[in-house]
Amino acid sequence: MKKILSVIVLITILSSCLVGPKYERPEMKANTAYSGGDPTVAVSTVVIDSSAFKDSVALIAWTEVYKDPELTKLIQTVLKTNLDLLTAISRVDEARATYGISKAGLYPSFGYKANAGISEIGDNARSAGAGLDGQSYGAFATMNWEIDLFGKLRHQKRSAWAQFLATENNAQAVRVSLIAETATLYFILRDADNRLAIANKTVKSRSESLKTISERFSKGYVSELDQLQAQQQLAVAMAAVPNAESEVISTQNALRILTGLTPGSIARGNSIYQQQLPPEIPAGIPSDLLLRRPDIIAAEQTLIAQTEQIGVATAMRFPSISLTGFLGTATPDLGTIVDPASLAFGISGNLLGPIFEFGKNKRRVEAQRYKTDQYNYQYQKTVLTAFAEVDNSLASLRLNKQANVAYKLALDAATKAYVLTEARYYDGYTNYLELLIQQDNLFAAEFNESASQTQQNIAVVNLFKALGGGWNVK
């Protein structure tokens with residue numbers, strides 16, 4: 001027994017050998033200045049390192065970004081019932097279970113077996129080696145253990161753990177995307193509501209205008225052309241109503257799909273003009289904030305998992321050692337099953353290794369290395385894409401604010417111009433064509449200002465998503 005224990009201890013010590021590469025994060029450089037930030041700030045360069053990867057819990061919560069009570073309820077519902085998210089969470093559970101399987105492979109497996117039988121063998125059959133007459137009983141505890149001498153099982157465990165972390169961050173990326181998609185659709189819905197209200201108001205206004213002009217035409221004050229043009233203007237406004245209603249219905253249904261529900265209505269909260277923009281966003285977004293993005297973390301963990309597969313393939317080029325043991329009793333008489341003389345135990349070792357397989361093992365390692373290169377390139381692309389998305393979002397937020405100010409000025413001017421032109425027309429100082437132009441200008445200005453306000457709200461959503469779910473607030 002001492003010899004057996006000594007062999008086990010020796011093998012355990014030897015299993016500290018670990019073949020295969022050690023993961024190192026790819027060296028990448030990234031600018032910390034963005035076009036959406038302060039143009040007077042000099043561009044600096046930092047090397048992305050491990051300290052950059054931090055949890056996003058410290059970031060501003062989405063409930064602080066979107067303060068509309070109905071939007072908050074809608075997002076909470078989506079995060080509980082969305083089928084894509086539930087699928088992603090199930091994948092996380094699957095990856096956790098897979099990691100548990102890989103981890104358990106490092107340790108011995110214990111089992112049991114029992115047998116009972118009776119046989120009667122004739123003389124001729126006994127001479128042919130068919131067996132022996134009599135009864136047999138046995139009960140044994142069994143043990144099987146593959147010694148991880150060159151690290152194959154440890155690499156598998158590390159790969160499974162990295163894959164679990166990648167899956168977990170992929171689920172977090174789905175959460176961030178769903179929050180952003182829900183908010184975007186909600187703002188589009190409120191914009192459609194607003195444009196529907198504008199269209200209905202314009203229909204009412206132009207109906208009254210047509211009635212007035214028709215009365216003036218009947219008295220001979222204006223030509224029939226004015227009446228026909230007024231009818232055309234009313235028809236244009238009336239056509240805008242079903243268009244806006246169609247967008248309301250389709251957007252509501254898109255939101256219902258996100259919540260896992262059949263078509264129906266969506267509760268409304270604040271109008272697009274009542275939406276509160278979050279606190280001022282810092283002009284200089286540091287690279288370590290960007291690298292909290294769950295998709296970047298998931299891409300790196302996937303790369304780590306694949307790197308460990310190189311170690312698995314490398315270890316398969318070396319011998320594998322396994323131990324098999326049993327302990328129990330065996331006897332031809334059930335009454336002596338617990339007799340010390342019936343005790344039986346044994347342990348054996350197996351050594352299995354390749355000698356010559358025409359380069360198969362070498363090619364297996366090469367294949368894993370090439371596959372790792374592919375994940376490496378995809379990881380770098382994910383990082384570069386993330387920086388570009390942040391830059392685009394910051395620029396979009398800044399430029400949409402500027403555009404919204406301009407559209408508000410245009411709407412104010414169009415409103416005043418229409419009022420003045422209408423007064424001039426009914427007082428006989430101008431023709432109806434000029435009034436038509438101002439009507440069209442006002443209608444377009446109202447729609448443009450509504451869309452601009454919505455784009456400003458959506459720009460905040462896009463920045464929230466680009467930064468992986470928020471930003472620091474000081």
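Computed from the coordinates by the stated procedures, all read-outs in this text should not be read as laboratory data. This structure is a prediction, so every number in the text was calculated from the model and none was measured. We place every Cβ from the backbone using ideal geometry, glycine too, and count neighbours over all the protein chains shown.
Using θ = phi - 60° in the Karplus curve 6.51 cos²θ - 1.76 cosθ + 1.60, the 3J(HN,Hα) couplings for region 63-78 round to 5, 8, 7, 10, 9, 6, x, 6, 5, 4, 4, 5, 5, 4, 5, 4 Hz; x is entered for Gly and Pro.
Shown is the FRET efficiency for VAL338 and SER109, computed with R0 = 35 Å from the Cβ-Cβ distance and rounded to the nearest 0.05: 0.85.
Here r is the Cβ-Cβ distance between THR142 and ASN200 and R0 is 51 Å; the resulting FRET efficiency, rounded to 0.05, is 0.05.
Shown in residue order for region 161-173 are the 3J(HN,Hα) couplings computed by the Karplus curve 6.51 cos²θ - 1.76 cosθ + 1.60 at θ = phi - 60°: 5, 5, 5, 4, 5, 5, 5, 5, 6, 4, 5, 5, 5 Hz (x for Gly and Pro). With a Förster radius of 25 Å applied to the beta-carbon distance between THR63 and ILE249, the computed FRET efficiency rounds to 0.30. Among ILE101, ILE458, sorting on how many other beta-carbon atoms sit within 10 Å of each Cβ, with the fewest leading, yields ILE101, ILE458. You can think of it this way: the chain between ALA97 and LEU261 has 56.0 nm of extra reach, that is 0.36 nm per residue less the Cα-Cα gap.
Projecting label points 7 angstrom from Cα along Cα→Cβ for LYS80 and VAL419 puts them 4.8 nm apart.
Across region 204-212, computed HN-Hα scalar couplings (Karplus, 6.51 cos²θ - 1.76 cosθ + 1.60, θ = phi - 60°) run 4, 5, 6, 5, 5, 5, 4, 4, 5 Hz from first to last residue, x flagging Gly and Pro.
Distant-in-sequence amide contacts of ALA344, defined by a placed amide H-H separation under 5 Å and a gap of 5 or more residues or a different chain, comprise GLY328, THR329, ALA330.
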